[in-house]
Amino acid sequence: MIIDIDSPGGLLESSLNMARKLRETKWAHTVSYVKHEALSGAAIMALGCDEIIMAEHAAIGDAGPIVLNEAFMFEHAPEKVRTDLARKVRDLAEAKDRPPALAEAMVDHKLVVYRTKNKETGDIYFLTDAEIKSMDDPKQWETLKPVRETLNDKFLEINGRRAVEMKFAQGVVNDVSDLDKYYDLDRQPLM
């Protein structure tokens with residue numbers, strides 16, 4: 001099941017509910033296809049799919065929760081909301097084998113994520129300082145460099161190419177016909 005996402009966002013609870021429904025779908029392999037953007041709630045919803053496929057210059061992320069204050073101005077949601085959301089997006093990412101730290105950085109603009117290497121296996125992971133410190137053997141992790149999109153007090157927002165580099169998305173395609181080829185689908189493109 002391919003879900004074509006092109007959205008600047010949506011309501012938080014609705015987005016989380018859709019992501020959970022997609023995560024729990026067992027009768028179909030679910031794919032989020034992002035041609036232009038999946039921001040805010042749309043990025044959260046995409047996390048529920050088995051795979052995320054993006055156009056090279058499409059954007060995903062920037063999912064920091066906002067609320068309307070008494071002066072009818074948008075502001076960042078209180079810490080209580082952000083903490084709960086951070087856990088929920090981490091759970092969604094872990095369920096689909098995506099780096100949880102990157103998902104959390106979409107909703108926490110203060111979080112810095114590092115590209116790290118396991119000294120024993122050579123495997124590359126994306127981790128926060130807190131994750132490294134909480135490991136059984138923190139010394140087995142070499143911190144290489146910070147993910148630039150998590151620096152300078154910004155919510156993580158990445159393009160398709162970077163999403164694949166960081167194992168957040170599974171592939172890059174140019175358009176729907178390339179998506180059909182990627183999955184070897186024998187049908188007429190919908191767009």
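For the chain, the solvent-accessible area with a 1.4 angstrom probe is 55 square angstrom per residue. Placing Phe155, Phe74 in order of accessible area, with the largest value first and a 1.4 Å probe, yields Phe74, Phe155. Pairs from the table (Lys133/Lys167; Lys80/Lys139; Lys26/Lys96; Lys21/Lys117) lying more than 24 angstrom apart at Cα are Lys80/Lys139; Lys21/Lys117. Taking all protein chains together, Trp27, Trp141 sort by accessible area into Trp27, Trp141, largest first [probe 1.4 Å].
Dipole orientation for the range 13-83: of the candidates Trp27, Pro65, Leu39, Trp27 has the Cα lying most toward the positive pole (charges on Cβ; Lys, Arg +1; Asp, Glu -1).
Simple spin-label estimate for His29 and Leu151 gives 3.8 nm between the two label positions (7 Å along the Cα-to-Cβ direction from each Cα). Per residue, the convex hull spanned by the alpha carbons of the range 51-191 comes to 146 Å³. For the chain, the antiparallel share of DSSP beta bridges with both residues in that region comes to about 50%.
Compare Asp136, Asp97, Asp84 in a GNM of the chain, Cα atoms joined below 10 Å, and give the one with the largest fluctuation. Of Asp136, Asp97, Asp84, the most mobile in the Gaussian network model is Asp136.
Measuring nothing but protein heavy atoms, the accessible surface of the chain at 1.4 Å probe radius is 52 percent carbon and sulfur.
The values are calculated or read from the model by the stated rules, or taken from the named source; none is laboratory data. Please read all numbers here as calculations on a predicted model, not as lab measurements. Every residue, glycine as well, gets a Cβ built from its backbone with ideal geometry; the counts of neighbours run over all protein chains shown. Side chains are part of the model used for accessible areas, which takes the heavy atoms of the whole protein and leaves out ligands, DNA and RNA. Shrake-Rupley method; radii C 1.70, N 1.55, O 1.52, S 1.80 Å.
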